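Enquirer: Attaching a single structure in structure tokens format; questions to follow.
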Amino acid sequence: QVRVVESGGGLVQPGGSLRLSCAASGRIFSIYHMGWSRQAPGKQRELVAVATWSGFTNYADSVKGRFTISRDNAENTVYLQMNSLKPEDTAVYLCNVVSSSGDYWGQGTQVTVSS
């Protein structure tokens, strides 16, 4: 069994920061990349950021310069540092793990940006 667990969401004021964490555990081999997507009510799921195991990172245009993805390969963990948050960043943030043994998603963590 493979588990993907996110944490770190919450309520923050516009301009604030949050750091999300995602840890993958269980029978998972050769992770290719880990990333974050988000799902807002009434909107399509959007890829936010991805980090490959070789160090390549990529971001959605809407978060470039504000969000930073990083990973700890030894711990199968990926982080998303979110700064200068805006109300339009409000969504459920989901972690995705792509590996040789499959493609896995977490349950998501809610991020709400509101004054």
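Enquirer: Does Tyr79 count as closer than 18 Å to Ala23 by Cα, among the hydroxyl-bearing types (Ser, Thr, Tyr), over 11 Å from the mean Cα position of the chain (by Cα) and surrounded by 13 or more Cβ atoms within 10 Å (Cβ to Cβ)?
Expert: Spelling it out, it is not the case that Tyr79 is closer than 18 Å to Ala23 by Cα, among the hydroxyl-bearing types (Ser, Thr, Tyr), over 11 Å from the mean Cα position of the chain (by Cα) and surrounded by 13 or more Cβ atoms within 10 Å (Cβ to Cβ).
Enquirer: Which one of Val111, Val97, Val78 is in contact with a helix residue (DSSP H, G or I) (Cβ under 9 Å, 6 or more places away or on another chain), part of a strand (DSSP E or B) and at pLDDT 95 or above?
Expert: Sole residue among the options that is in contact with a helix residue (DSSP H, G or I) (Cβ under 9 Å, 6 or more places away or on another chain), part of a strand (DSSP E or B) and at pLDDT 95 or above: Val111.
Enquirer: Run Leu94 past the list (1) surrounded by 19 or more Cβ atoms within 10 Å (Cβ to Cβ); (2) farther than 25 Å from Ser30 by Cα and report the number of the one that doesn't hold.
Expert: Tallying (1) surrounded by 19 or more Cβ atoms within 10 Å (Cβ to Cβ); (2) farther than 25 Å from Ser30 by Cα, Leu94 fails exactly one: (2).
The rows are residues; the columns are (1) open to solvent by less than 30 Å² (accessible area, probe 1.4 Å); (2) under 17 Å from Val97 (Cβ atoms); (3) aromatic (Phe, Trp, Tyr); (4) in a strand (DSSP E or B).
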| site | (1), (2), (3), (4) |
| --- | --- |
| Gly16 | yes, no, no, no |
| Leu20 | yes, yes, no, yes |
| Ala23 | no, yes, no, yes |
| Ile28 | yes, yes, no, no |
| Tyr32 | no, yes, yes, yes |
| Pro41 | no, no, no, no |
| Ser54 | no, yes, no, no |
| Val63 | yes, no, no, no |
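Enquirer: Could you please give the count of residues in segment 23-49 that are touching a residue at least 40 places away in the same chain (Cβ under 8 Å) and under 20 Å from Val2 (Cα atoms)?
Expert: Counting residues in segment 23-49 that are touching a residue at least 40 places away in the same chain (Cβ under 8 Å) and under 20 Å from Val2 (Cα atoms) gives 14.
Enquirer: Of the conditions (1) under 20 Å from Gly10 (Cα atoms); (2) touching a residue at least 60 places away in the same chain (Cβ under 8 Å); (3) open to solvent by 60 Å² or more (accessible area, probe 1.4 Å); (4) touching a strand residue (DSSP E or B) at 6+ places or on another chain (Cβ under 8 Å), Ser100 clears all except one; give me its number.
Expert: If we test Ser100 against (1) under 20 Å from Gly10 (Cα atoms); (2) touching a residue at least 60 places away in the same chain (Cβ under 8 Å); (3) open to solvent by 60 Å² or more (accessible area, probe 1.4 Å); (4) touching a strand residue (DSSP E or B) at 6+ places or on another chain (Cβ under 8 Å), just (1) comes out false.
The values are calculated or read from the model by the stated rules, or taken from the named source; none is laboratory data. Since this is a predicted model, take the numbers as computed values, not measurements. Every residue, glycine among them, receives a Cβ derived from its backbone with ideal geometry; neighbour counts consider all protein chains shown. Surface accessibility is based on the protein's heavy atoms, side chains included, excluding ligands, DNA and RNA. Shrake-Rupley method; radii C 1.70, N 1.55, O 1.52, S 1.80 Å.
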